[in-house]
Amino acid sequence: MDAGAFRIDRKRTLDKLMRYQLPDPAMYVLLLVRCAVAGGASRVAFQRLEAASGGVEVRFDGTPFTAAELEYPYAALFKGARKADRRGRELALALLSLLRLEPRRVSLLSGAKGERVLLQLESLESESVGPAEDSGTLTVLRVLPRMGGKPLWGAHSAELLRDHCRLSPIPIVVEGKAVPRGLPPERRICPYPVDEDGVRGWIDLPYGLWGRSDVSTAWYGVAAGAIQESLSTVQVVGELNDDRFQPNASQTLVVRNAEYRKVMALLSRSADGLLRGAVDVQNQRIDSVCGYLDVAPLRQYWSRQLALAAGKRETGWLSRLARFLGELSIPPEWADNVSALELDIRRTLWLRGAACRLLTSPQKDRKDELRQALWAARLLVSADLKSLSLADLLRQKEVMGYVPFSTEPFPGLEMSFCSVWRIHPGELDFAAALLGRELVDVTPLLEKAARDGSLGPVPAHRTPVLEQIGITDLALRVPFSEDDFSGEIGLRFSRGGANIHLFQRGLPVSYTAAPQPLRFTAVVTGTGDLAAAAAVVMKAAPALYERAAEVFSPLARSNESRALRPHLIDFLEWSTAGTKGELPVDRRWVAKALLWPERTEGGSWSHEKMREALDDGEQLFFAKKPEAGFAISRVFEDSRFSAEFLGRLFPDCVAAAFPGKEDCWMVHRKGPGDCAHGAAGGCLAEWTVDGQPAHLALGGGKGASELRQPYGTVWVFGTAEPVRSLPDEAGLALLTALLRERGTLYDRPDHPLRLCLLRALRYFFAPPWKSPAAGSRLHRRFYELVWRLPFFRRPQGTWTLLELEGFLSRGQLLTCLKPGVSGGERDCAILADEELSLIQALWPARKSQLEPASAPTVSAGAAAPPLLEWQRAPAPPASGAPTDLLDAGFGSEMLYERILSLGTLRARIGLPAEPLPGLSVRLSPGKGPRRFLLQPRELKLSGKMLLDVSGYAGSVLQGRGLHPDLARGALVLCYRFLSDLIVAWPGFDPASRVCGRLQLALLLLVQPVPAGTPQPPAAWEDLRRRIRGLAMFPTSDGGAASLDFLAKRLATGEPLRYLKRTPFQVEPGSGFFPVLRHPMLVSTALGGASMTEVSPQSVAASGPPSRPGPPPAPERTGVPAPVTPRDTVVAETLRLFASLRGRRGVDRAGCPPEEGLLLDPAGGPDLCSMGQDSRWDVNARHPMVQAVLESGLPAQTQAAYLASMVYTAANRNMGSITDTEDAFFQAVLVGELCRRDTLKRDVLSD
């Protein structure tokens, strides 16, 4: 037939529609119902034809079909989706579905009275239309089955009508019986009718806590497929009919057009109405529920079913079995209440889910009536079996500071507070975000009250006790009475919330939190307000803690002593707040309590003893956990230790992180600091000289006495007369202060203070000991500190003198590397000449174990760049500042990363897999994202840096960028990071992809500086020279080459020929070819040198390039490379893909390009990488690939396994290939293999 300017193949189109329009052709009965409703019928009847077994007759009234309509019964399918054509479209689809059942004849009688027409169909090709002698007005469809053909009518047809026609606006009669319409009784929990703007139906509560709404769509009264939508308020189930829905091609779902969106908006509004109705029903039913729960069998059923239904979509047979067994346990006289309780459970759970999703706080929700109704809804049951709302629990929390709950019910128990009955552990999770996590289990208290009597309001003349607010786990309690107030105060075993509760008229009325960090709990009654009551409690609190100090014993193993220790530490911390370290007279008793067990020497210390040791110049060490401790004296361990906590305990001391030890801090007295003497580097220590207090420094200044000591020059400030001599004890005090303030300066070997330390160690510790102070207390203090601080560098990490002494004592060899010379990560130390000399002096018997590096692999570097003068001692981070930014990392994988320190700065620096130009710097702590890009014109940097500025005393920002001083510090850290990368380079596999990506960051640094741009600093120029001398390019003969080596070859006039990837196999004598993954960058780094790429297959055919004259072109001349077994496997794999690429259903995107599949011996993170250069690289080092290549199977079998793995890898890496297409390819592959006789046996055996 013609349709406008298009000619449609009618037969082919109808054939496709007939086959694919409906999933089940028996659904023609639903299409006929839609056809009748669309035509305005008042009734439709289905009747089995007794004369023809399996035949059916359908009768309906309404608008009849005309002769013109029946002459082309399928014409409506090719018209638009107009409402006038819907009746004809439904009829055409019904006829096509009937023809799929292959009937003997389909006859349709219709037309107005006197104009009756008969349509007869046997197939798509056989149809006839003509007038009929009939006086009726109904439309009658008769379908006669073919002998031995498919049934046209049966129980399945009647079931389809019952399941899909509940929303039919007209009666449907099936063999004399009307099909039930409306919501079935078994689905009614709290139904809500919907009838607005042509949309009608119903919604109800789902049977489980589902994450989406499940609504069946219908048009003309017949339901189709269900839709799933996530509504913004609550989730529902139901059925909605809209005759304006536009069905999809298969007639099973609706198109999501403007009409669909309008219905979804109506569904959301109706869900709000359902929620209001459910709240009303809940408030009406909850009293009856509480009455049911007073009966033990029903209470057990409620508890069991609520725990079963929470969080589950109960559709499995186990859930139904559990419900059935629960119903069997109900006595017969209460059996009628089970079904009502079941609906109550469903409604309660649904409303709880709605409350969790919609409610925020009473203040924010007060203007929304629906949310206010949810706050007041009775959703919970109390321990005494009364109904509770979330608003009740919130008021209870405002009075008591927490929400009490019980895991068991106590019917009839009189209580002074309301306790919610928590049936199962997760029941109150829905209210946690609204009420907080302050939930207290008072079950033991209620059990005791049930045995002893009520827990009701106390008489007004009696003092309340802590049990009145549900507190029973008390380690210590003390009553108090002062002025018009009396009560009880106690310390709990668990250091939970600390509150002061005010009682009036025998009931708790309000509370306030105890001052931090105290954790006591108090109840008080009196005539005053809460503020006056809290003041009285705070006066009574010291007596409680003093009593705790009397009870506490560090040697006792009782639960009371273990619980009281943290409470006493709380009181000590509270007492030192706002002081300079000296406790008030009335609290000095707490400083005498032995609260701090010492790990190394045994016994316990008091706070008073610690302060005496600090006053004497000692340093104390504090570790957060046992494994963070180390072999040193005066180490205290507690999980509460932090720099902030120690700063509060010792406000007049310095608490600094101990270098090289995680969660460990050193506390010592503050030094002179920035005094008025103006010494270079500041005064470091105090010393008494000739009875006068003086300051000692290692830098000169005006008015100082200069003394030459064996370890360097010392300046003495503050004396009236010049100082002629200084004892070695003073020097030890000065050097100890230097270690505390500046560390060992191991990363700055040429610094004057570093050289001073090296000479001091030689003087004080090298045998024979020359100092008369050897063995003194100050000598021991200096020794225990310097021996455990990081002192020497190694390629990855540092050495302490203690570690190095133990290493050499075991007779092991130590490789001594010059600065700038690379080596292994272990058994190596990077030593300047003075440092090596010190080791030889300290352990002269171990000189033979010091082994110099065999040969430098890169040029020796110059001294480190000049560093900025940072603040000497890191300032403690601000309260609440995050300290774990560096530990959290970047959030993505880095090829290489380090954590470095520079004065008060700490940074984590890393190189990502795809480095971008510029150094991305992120600061912490800070408000919001604080990211900056360092991109100096003279330096082409790349990478990421997390910079911790919590201890930095200088300016951080200037305008919208980093302060220049901080930016210079970040560049210094970047310099050290890149220097460490150069030192660690020999530990990488030069042929790996990781090494190839790291080359990119280094090659960017050696690019020529554009004209007119300032030259890089001298230190960076030295770094560039080290990069140029770094052997980072693998070569075809198994070696490695540097940029300097390539430049020398170019200087001889030889052309530079290179490979872009590592060849899998190279024959001996094939010549020298560097592997350059970034040839353009290498060319510009070599001054724009001309280079020629050669293919890996031609490497074996080329001769050594050192002979005179230009070598022949390896691509065209020479002996062909020998074919390896792996080359055969790759060729067979490509041949297999070529045979499958054109098969129907096989997505070509999952097949590698022709001649574009290669085995990569370097390996990578993925089994197969799909490059942009029409080449796929298969990782030859992948375990699965190795297993295939080393299996010994025939090449064709190996190729089949390889093809299967490559296509699956493409499925994982490409978004265009689905799992279904992957499975289809595997099936096609197996079919291809089974077709080949040579492979059939191998495949079937596997």
Subset of the stretch 252-288 (residues that are of a type outside the set (S, T, N, Q), out of contact with any Cys (no Cβ under 7 Å at 6 or more places or on another chain) and farther than 23 Å from G198 by Cβ): L275, R276, V279, D280, R285, I286, D287
Would you call F621 crowded, with 18+ Cβ neighbours inside 10 Å and not in a helix (DSSP H, G or I)? yes
Would you mind finding the one in V381, V420 that is in contact with a strand residue (DSSP E or B) (Cβ under 9 Å, 6 or more places away or on another chain), aliphatic (A, V, I, L, M), at pLDDT 85 or above and over 30 Å from L530 (Cβ atoms)? V381
Residues R1107, R1144: which one is assigned to a loop (DSSP other than H, G, I, E, B), of a type in the set (K, R) and modelled with pLDDT of 50 or more? R1144
So which pairs qualify, if the first residue must be in the stretch 1181-1199 and over 19 Å from L1134 (Cα atoms), the second must be among the acidic types (D, E) and not in a helix (DSSP H, G or I), the Cβ gap must be under 9 Å, and the two must be at least 6 apart or on different chains? R1181/D1160; H1182/D1166
Whichever residue in the stretch 220-238 is outside any strand (DSSP E or B) and of a type outside the set (S, T, Y) and, among such residues, is nearest to R86 (Cα to Cα): G221
Test: residue in the stretch 470-479 that is modelled with pLDDT under 85, aliphatic (A, V, I, L, M), in contact with a Gly (Cβ under 9 Å, 6 or more places away or on another chain) and more than 20 Å from W574 (Cβ to Cβ): yes
List the residue pairs whose Cβ atoms are under 6 Å apart, where the first residue sits in the stretch 1147-1158 and is in a helix (DSSP H, G or I), the second is modelled with pLDDT of 80 or more, and the two are 6 or more positions apart or on different chains. G1150/Y1207; G1150/A1210
Output the residues belonging to the stretch 235-253 that are in contact with a helix residue (DSSP H, G or I) (Cβ under 6 Å, 6 or more places away or on another chain) and surrounded by fewer than 22 Cβ atoms within 10 Å (Cβ to Cβ). D242, R244
Taking the stretch 239-283 only, how many residues are over 30 Å from L359 (Cβ atoms) and of a type in the set (V, I, T)? 3
Filter the stretch 574-600 down to the residues that are of a type in the set (D, E), over 43 Å from the mean Cα position of the chain (by Cα) and not in a helix (DSSP H, G or I) and list them by number. E582
Residue in the stretch 119-140 that is over 16 Å from V222 (Cα atoms) and touching a Cys at 6+ places or on another chain (Cβ under 9 Å) present: yes
Pick from the stretch 140-186, criterion in contact (Cβ under 8 Å) with a residue 24 or more places away in the chain and of a type in the set (K, R), ranking: nearest to L91 (Cα to Cα): R142
Of those in the stretch 549-568 that are over 44 Å from the mean Cα position of the chain (by Cα) and assigned to a helix (DSSP H, G or I), the residue surrounded by the fewest Cβ atoms within 10 Å (Cβ to Cβ) is E550
Every residue from the stretch 256-277 that is surrounded by 13 or more Cβ atoms within 10 Å (Cβ to Cβ) and either in a loop (DSSP other than H, G, I, E, B) or in contact with a Lys or Arg (Cβ under 6 Å, 6 or more places away or on another chain) (or both): R256, E259
Restricting attention to helices (runs of 4 or more DSSP H) lying wholly within the stretch 751-856, give those where 3 or more residues are buried (at least 17 other Cβ atoms within 10 Å of the Cβ), in contact with a helix residue (DSSP H, G or I) (Cβ under 8 Å, 6 or more places away or on another chain) and modelled with pLDDT under 90. 752-765, 777-786, 801-809
Count - residues of the stretch 1-57 that are at pLDDT 65 or above, of a type in the set (S, T, N, Q) and within 54 Å of the chain's Cα centre (by Cα): 0
With the stretch 66-172 as the region, which strands (runs of 3 or more DSSP E) entirely inside it contain at least 1 residues that are small (G, A, S)? 105-110, 127-131
Of the residues S1083, S1036, which is modelled with pLDDT of 80 or more, touching a Ser or Thr at 6+ places or on another chain (Cβ under 9 Å) and among the polar types (S, T, N, Q)? S1083
Which condition number does V106 fail, the rest of (1) within 23 Å of P131 (Cβ to Cβ); (2) in contact with a Cys (Cβ under 9 Å, 6 or more places away or on another chain) being met? (2)
Checking R898, R960, R968, R930 in turn, the sole residue that is at pLDDT 80 or above and either exposed (fewer than 14 other Cβ atoms within 10 Å of the Cβ) or more than 22 Å from A1018 (Cα to Cα) (or both) turns out to be R898
Quick one: would you say D204 is buried (at least 17 other Cβ atoms within 10 Å of the Cβ), of a type in the set (D, E, K, R) and farther than 15 Å from A265 by Cα? yes
Quickly run through the stretch 779-808 and pick out the residues that are of a type in the set (S, T, Y) and free of Cβ contacts under 8 Å to residues at least 24 places away in the same chain. Y783
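The values are calculated or read from the model by the stated rules, or taken from the named source; none is laboratory data. Keep in mind it's a predicted model, so treat the numbers as computed, not measured. With ideal geometry, Cβ positions are generated from the backbone for all residues, glycine too; neighbour counts draw on all protein chains shown.
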